[in-house]
Every structure is written in structure tokens, then in C-alpha cells.
Amino acid sequence: MVRRLPLVSAGVVLTLTGTLWAQPRDDRSPQNAPAPEVPGEGTGTCPLCGETSAEPEEEAPPELATAREDGAQPDADEDGAARPSDWWLRWGTGEGLPAVPLADGGGREPYEWFLIPLAGYSSDIGFAGALLGMLFHYDPGYEPFRDKVQLIALVTTKLVQFYELVYERVGLFGKPLRLETALSFTATEVGHYCGLGNEVSCNPALAREAAAMQGLAPGDDGYRRFVANYYRFRVMRPAARLGLRWRPTQSAPEVTLTWEGNYGISGYVGARGPFPGSLYARDYPDGEEGFLSELRLGVVADRRDHERRPSHGYVLAATLRGAGRAVGSEWTYAGLSLVAAGYLPLTKNRRLVLATRAIADLLVGDPPTTIMGSLGGFWNDIAFGGQTIGRGIRARRYLGRIKVIGQAELRWAFFGRDGEFQGLLGVFGDVGWIGVDYDDWGGDVARVLPSFGALVGVYWGQAFLLRFDVGLSALEDYRPQFYLSVRHPF
């Protein structure tokens, strides 16, 4: 499946930013609507946006110019003209907390762009170099942006490759529709596979025993490579995603419809199939090669004050997903995902925020391991273990049809001004309850998998976020895992 890129590691970041065109902000822009101070942004999945035009401001689509949730009419300017989309911003604002502008009065440009070279290291993928480019187009009637283009390219010394192009548009055809499209290609020789269930060990001693059964001894050609690859798989995967989000009125939840497909090619450049003699080759001799096509239909109430940097509000979501011959898939399964996330400001200026998330992701049928090692709902991430869920545990270590997950983060914007450069510190903890199947748990049904860690990062402008996480877990003997990311996990 198309997944958000796990930029694993800590590293060096060089950032180039630019403004393609600027114009003073129109006082009627929704950017002047009340919104929380500090971590504040709109409802988008990525950084960068901004637009004001020298032309007269366009009339907002009639679907957006509706009454607020409390039944009152939208705020009006001195000339009596309603601000058409203030309700997009007001959804997450809490009573009793100070209302301040999203940014200080300097105005926001209609286009913003970021070009970010990244470098880092991880024991899993080696030294990594990546280039991340983002372009945002803002329009006064739409939040968090009108258009977004994102391009990322990643290559590592262990020959992991990831390339992705994403395009999003808010207000498709002038309607309350949000479009997301993505094309990507992944190739890796260092994917993790330790088996199924919550008691897999990835024990190197078992790898050495398997080598001995193959007639290999320490010092023999190929011995070290066999042991290193025993818990690994290799794959190349072109993928595509097409999604729509529709909000009929300001008080109604959104309806989401997503199609996602990929073709798994077992092997790597110049080598086909799983690593000979590996645990994955024993369990899946064909390498799970084939086309996977999945449809998802969901309902979400997203009441965050800011999608990328929420400081108040909540998300409630339910998603059904399925794959089968009817949609061209070579695997057949169905799933249900339930998500609840909340954001509680602990100070009046909202610089200190407690963020929590609970997830239940349940599958039936015959899903491939990529699906058993990921979530398929409002948030689509690998789990359990990896950059966003189970931090401190190797990616996709724990696979199963049953995943119940809890997460908490304490985020503190400890210096700087909202809308400008800010420093970020935080701590987090993750727990998971994972089972292979309903009649065969694949381990101890009472076992809970914990991890924890800390983060340091920056906010910049209205859209940019960069965070470095270090995760630890007793399940990995407290060996630190480092992650570099351009978004919060939730």
C-alpha cells in the first residue's frame, strides 16, 4: 500500500524557502478569523500554503457560506459581507480560551514553497539522503490550502529507494470536496519480517541455527549475509492512491472514499524472489507477488483547530475497507478501523498540548503481510512498530489481523511566535495489543507491547514542521531508534 515515507533517522537539514508572489492580506481573509495561538494551522496533511490576489476577492462557494454550528450567521465585515469560510477555522476552537489570529499581521502570500535536502542515518536503512519539495497555493475561501504539490525522493546506502508525488485540491469544482492523488515507488532489501503474532523475537541465534541447517558455518562465504537477511524481505512496489473527502455542511461529518492499489514485485533489481532460506521465504515462498486493490469508505468528524499542528479539538473516524476480485485484487479481505484522537491545551496560550489517540483496526479474510502490518482508516501508517506507531520498535515487527493501539504525546512549543519560527520539545508513549486471528491469537492474549521516547523539532511559518524522535522499548533491549519526520503522527 502507499504509505507515508518513514524517514528513519536523525540528520542534517538544509532548508530553502521562497515566495513566488506576495500581496498584502485582505481583511476579509479567513486568516484573520479567531483561532488558537501557537501550534496553529488549517486542515491539511502537509506544509505550505498561502494566497491573496490583486483581483477582487472571489465569492465563496455557496456550500461553504453556511451558518455556524451554533446556528448563528457567519461573522460579517463592516460592509455586511459574511466571511464565507470562518467555520472551517472555528470548528476546533474551544470556549474560554483566548482567540488570536492564525498569524501576526504581516499577511500571508498566495504561494509558498519549500525545498529541503535531508540527510540521516539508521541501522535499518544506512545513511540516507532525501530531497523534499512542497508547493502550497492559498485562497481566502479555503483552508488549510487550495492546492498542494509534494515531491519526495529518498535513497540510502543500503539501497532503499522511495519516490512519491502527491497532489491535493480543496474545493474541487467549487464544491466542499477535497481531492488527494498520489503516485509512488518503493524498493527495499531490508524490510523486516519476524513472523506473525505478539511474541516474535527476531532472535539472531535462530538465524544462526537456520544457517547451520543450510550447511553454512561462520567464516564460510555467504554466512554473514544469510544471517543478516534471515529476518528480512525484499520487494519493489509501484503504487497509486485516489481519495475524496466530502463535507456536505459545516455541522456534518465528512464522508471519505479512497482507492489504493499497488503491485508487489518480490525481489530487488537483478534478483527475484525472497532471500533464499529466509523466514519470509519459508512462510511465503512466492514473496506475496501480485496486485493489491483496496477500497475504503469512511466517516470522520475532524474538529481540530489545525490539521498539522493541532492544539485543541478532536477527531472521530470510522472506516470500512475491503479488497477482492470485484476491485481487481488478488487478495480478499475486509476490515474496520475506529479512531478517536483528542488535543487538550494545558496552558492558556496553547503552547503546551496533550495529544492522545486510540485505534482499533480489525481484519477478516486473507490479507497480505503489508496489510497486517499497517492501519487502513483515517490515518494510514505501518503498525505495530515503526516511525509513527510503536516508536522504538523495528518497523512492522508485530503483524496481525487485530490491532488495538493507544498513544499519548506531550508537545511544548517552548519559544518563538506563532506563524514564525518556533522550537518544539516533547515526550511520547505508545502501547499495542496485537493478535494474529480471532481463534489463534499467536501469542499471549494478555500481552501489551510498550514503547516510549522524546522529540525535538521546529515549526516554521504556517505550514512547515520538522521533528526528530528517539524511541526506546524493552522489546528491542532499549536500543534507540531514530526518526526524522515532517508531520506529527496524529
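A short reminder: the numbers here are calculations on the coordinates, not readings from a lab. This structure is a prediction, so every number in the text was calculated from the model and none was measured. Virtual Cβ from ideal backbone geometry, glycine too; neighbours counted across all protein chains shown.
Please list 3J(HN,Hα) in residue order for region 154-168, calculated via the Karplus relation 6.51 cos²θ - 1.76 cosθ + 1.60 where θ = phi - 60°; whole Hz, with x for glycine and proline.
Listing the rounded values in order: 10, 9, 10, 5, 8, 6, 6, 10, 8, 9, 8, 10, 10, 10, 10 Hz.
With an 8 Å cut-off on Cα pairs and a minimum separation of 6 or more residues, tell me the relative contact order of region 337-480 in percent. Don't skip to the end; give the middle numbers.
Numbers: 351 pairs, mean separation 28.6, N = 144.
Averaging sequence separation for qualifying contacts and normalising by length gives 20 percent for region 337-480.
Between region 114-174 and region 463-478, what is the separation of their alpha carbon centroids in Å?
When both Cα centres are located, 20 Å separates them.
Where the only charges are on Cβ atoms (+1 Lys, Arg; -1 Asp, Glu), what is the dipole of region 362-425 about its Cα centre, to the nearest 20 debye? All intermediate terms of the calculation are to be shown ahead of the outcome.
On the way: 8 positive and 5 negative charges, 60 e Å.
For this selection, approximately 280 debye.
Counting other beta carbons within 10 Å of each Cβ, put Thr186, Thr157 in order, fewest first.
Numbers: Thr186 21, Thr157 11.
Lowest to highest Cβ neighbour count: Thr157, Thr186.
Straight-line reach from Lys175: which lysines have a Cα under 19 Å away, not including same-chain ones fewer than 8 places off?
Partners within reach: Lys148.
Could you point to the residue in Ala408, Gly392, Leu425 farthest towards the positive end of region 353-427's charge dipole, with +1 and -1 charges on the Cβ of Lys/Arg and Asp/Glu respectively?
Farthest along the dipole direction, towards plus: Gly392.
Which ordering of Met213, Met236 is given by a fewest-first count of other beta-carbon atoms within 10 Å?
Details: Met213 9, Met236 19.
Ordered from fewest to most neighbouring Cβ atoms within 10 Å, Met213, Met236 come out as Met213, Met236.
Hey, fewest Cβ within 10 Å first, where do Ser451, Ser251 land in order?
Values: Ser451 24, Ser251 15.
Ascending number of Cβ neighbours within 10 Å: Ser251, Ser451.
Would you work out if region 313-458 is rounded, prolate or oblate? Take a ≥ b ≥ c from the square roots of the eigenvalues of the alpha-carbon gyration tensor; rounded if a/c is under 1.5, else prolate when a/b is larger than b/c, oblate otherwise. Provide the component values of the computation, followed by the final result.
Values: a/c = 2.51, a/b = 1.93, b/c = 1.30.
Taking the square roots of the gyration eigenvalues as a ≥ b ≥ c, region 313-458 is prolate.
Among Pro274, Gly322, Leu292, whose Cα lies farthest out toward the positive end of the dipole of region 261-330, if unit charges sit on the beta carbon of Lys, Arg (+1) and Asp, Glu (-1)?
Positive-end residue among those listed: Gly322.
State the Cα centre-to-centre distance between region 320-356 and region 220-240 in whole Å.
31 Å
In region 105-210, which GluC sites (Glu not before Pro) are in a loop and have at most 15 other Cβ atoms within 10 Å, using DSSP for the loop call?
Values: sites: Glu112, Glu164, Glu168, Glu180, Glu189, Glu199, Glu209; in loops: Glu199.
In loop regions of region 105-210 (DSSP not H, G, I, E or B), the sparsely surrounded GluC sites (Glu not before Pro) are Glu199.
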